[in-house]
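Working notes for the structure below.
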Amino acid sequence: MAWIQGDYNSEMQDFKQGSDQQLFTDYFSLDEDSSSSDDVPLDGLHEELKGCSNDDVPANIFANGTNLQEYTRGVESNLRRDEQGYLETYIEESDNLVLLHGQFHDCEIILSQIGSLLGGFQVEIGSISAEIKSLQEKSMEMGMKLKNRKLVELKLAKFIEEIIAPPSLVTAIIDGEVNEEYLRHLEVLSKKLKFVGIDYMLNASEVFQDVQQEMDRLRQTAVAKVFDFIIEKIYSLRKPKTNIQMLQQNSLLKYRYLILFLKEHGKEKYPDILAAYIDTMNKVLSVHFFVYIEALERLQMNMATPNDLFGSDSKSLGVLLRVQEHSQKRSSIFALGERINILKEVDQPALVPHISEANALRYPYEALFRSLHKLLIDTSCSEYLFLEAFFGEASLLYEIFAGAFTVIDEHLKLVLPNCYDAICLMLMICITRKHQVIMSRRRIPCLDSYFDKVNIFLWPCFKKVIDMHLQCLKNCDVKTLWEDDTHPHYAIRCYAEFAASLIQLNVEYGNNQLDMNLEQLHMAIDNLLVRLAERFRIPKSQALFLLNNYDMIIAVLKEAGDIGKIPTFFEEKLESNISLFVEELLSEHFTDLIKFVKAYDDEESTSFTGSPTIADVEPLVKDFAMRWKAVLEAMHKDVITSFSNLSCGMEILKAAMAQLLNYYNSLSECVKMIPRSSTLNKYLVSITSISYEIRKYSRTF
């Protein structure tokens, strides 16, 4: 520090000497500047002065007229004084500055050392960074190796687990009892067998050669054990009085995985399982339906015979006597009645024969037909669902039910050709149709072909019975059928009820062939009616017989809801015969009057050679005046006793009285045109009186 202080003092002395010399030089230089001021160029002075116009100092100088040289000297003097003051201050603080300079120098040394130290650190850090990078690369390499090793370990462990059968599994498969726990062991074995079969690379490995024989031996053991178990369960279905559906649901379905195991790993045994089940169920169902059909036959009512056709008769037993003895049976044959309720009960449970037999119940054949096919539907649906769930092959049902179908077909082929009850056959057709709808609603198509075959069998039988009715109507002996009674004939009533029954059944079915058969039938029955009517000797009785039968047919058909061609046909027949009956009824009481009116009204008639005279009409007028009220009463009683349908009878009575009024009105007009006919006025009955009496009978009804 001493040498620093000595240097600083010498520097300060030199500074003082230099300052005195500078002041001297500046003094003389000022005079030189002042003496040579005239040589200073004045270019741009005006612009500079203009720029200083806003400065206060130049403005005061110019305003006061101050001498610039004096002012300049004053300024320079002030500057020297200030400079001297600064120098003195600097000299006074020189020791501090020397001390500060020394501190700066020390700091520079320290900073130099720190920089050297930091440089060493930087070198060391660079080497550490390289080492860290190297370690990081090694760490990543080791991490990848570890990951690959773990992956290999995982796959290898899985591979070993898939191909190796643990001792517990082997023991369970060989010695274990077939139960739900055994199913879980089979699932494990199945996975191992599938793995061995799927992995193609495994076939080339030595490991596979080691385990292949053991796995195959274990598979064969499992297949044999499962086969024996399933066969035993299937044979248990053959035991008498076994509830097959309950055994299927509770015993077989819970072991359906056994079937899946056999399908996948026991293909050599699976067909034998199918064959055993098909054979067992085929025999069981065949016997079941055979026994059920036999039991139903004991519940069957007597069926119709060829003697129950329209117009049929036998020499040993007259029609009337047979109808009286079998009226209930014949009614059930030709009238639908309560038999239609079978269509509402089509989905009801099948009949239980021993219960019905214990209660002494008997049923028409269509009820037995419905019960038989209801049992077939329920059994086939249950079997279809079981086959789909257990075997996964619902198509086996046709083989299983082959025997049952054969038993039912043989039964139908024995019964239907001998069935002469057309309503029964039509009811069976409707029942079959509804059963098809039920199966379609259940979305089970297993009986579609069977029901089609039943329909194909039923329709020809129905057509055969209709043709037999037609043939019998054409060939019947009218003399045997005819009865001296104008009320509806029993055969015609049977036809009306029969036609109404078929029409009512055909409303839902809508078969055009049936409509054609009914049209042929009503033409044949109309022909029979005409032939029966011709047996009456009196025309009035003929018309009355036809009217009663036509009216009965129309009433029965309309009650069944038929408004088609058949009622219209018979209505036209009814209208034409009403006119005939009215004429015959009036002719019984006023024959002469009617002949006279018709002759008078006929312009081409030759009954009168001239105009009518009083002699021609007087007997007629007097006779009518005497008897017209009694005739009206007699006509009323005649209609009341002659017509079965009072409503139709009263309509005919109104028509007869109206026609009588027309005849008498024509007679009155004729009388008024005869000269001097006033003598007959007292015998003429007023039209008002006659109309009043006619209305009395209308109100009475």
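Details
- Over all other residues within a Cβ to Cβ distance under 15 Å of Thr688, the charged ones net out to +2, with Lys and Arg as +1 and Asp and Glu as -1.
- FRET efficiency for the pair Ser134 and Leu154, taken as 1/(1 + (r/R0)^6) with r the Cβ-Cβ distance and R0 = 25 Å, rounds to 0.25.
- Spatially proximal lysines relative to Lys637 (Cα-Cα < 17 Å; intrachain offsets below 8 disregarded): Lys540, Lys629, Lys654, Lys696
- Rounded to the nearest whole Hz, the Karplus-based 3J(HN,Hα) values (6.51 cos²θ - 1.76 cosθ + 1.60, θ = phi - 60°) of the range 139-155 follow the sequence 5, 4, 5, 5, x, 4, 4, 5, 4, 5, 5, 5, 4, 4, 4, 5, 5, with x at glycine and proline.
- Stretching Arg695 away from Met303 to a fully extended chain increases their span by 135.9 nm, per 0.36 nm per residue minus the current alpha-carbon distance.
- The phi-based Karplus calculation (6.51 cos²θ - 1.76 cosθ + 1.60; θ = phi - 60°) puts the 3J(HN,Hα) values of the range 431-436 at 4, 4, 4, 5, 5, 4 Hz, whole numbers, x for Gly and Pro.
- Applying 1/(1 + (r/R0)^6) with R0 = 22 Å to the Cβ-Cβ distance of Met626 and Glu575 gives a FRET efficiency near 0.10.
- Cα-based Rg of the range 588-700 normalised by 2.2 N^0.38 Å, two decimals: 1.16
- Listed by chain and number, the lysines whose C-alpha is less than 23 Å from the C-alpha of Lys269, apart from same-chain residues fewer than 8 away, are Lys191, Lys192, Lys194, Lys225, Lys233, Lys254, Lys283.
- Theoretical gain in end-to-end length, Val530 to Ser116 [0.36 nm per residue, Cα-Cα removed]: 134.2 nm
- Rounded, prolate or oblate (a/c below 1.5 giving rounded, otherwise prolate when a/b exceeds b/c) for the range 351-488 by Cα gyration tensor: prolate
- Highest-first arrangement of 249-257, 367-375, 143-151, where packing means the average Cβ count within 10 Å: 367-375, 249-257, 143-151
- Extension gain, Leu99 to Ala658, is 184.7 nm, computed as 0.36 nm per intervening residue step minus the present C-alpha separation.
- Highest average first, the peptides 110-116, 346-352 ordered by how many other beta carbon atoms sit within 10 Å of their residues are 346-352, 110-116.
- For the range 547-555, 3J(HN,Hα) per residue [Karplus equation, 6.51 cos²θ - 1.76 cosθ + 1.60, θ = phi - 60°, Hz, x = Gly/Pro]: 4, 4, 6, 4, 5, 5, 4, 4, 4
The numbers here are math on the coordinates, done by the rules we state, and not lab data. Note that the coordinates shown come from a computational prediction; the quantities given were computed from them, not determined experimentally. Here the Cβ is made from the backbone with ideal geometry for all residues, glycine too, and neighbour counts use every protein chain on show.
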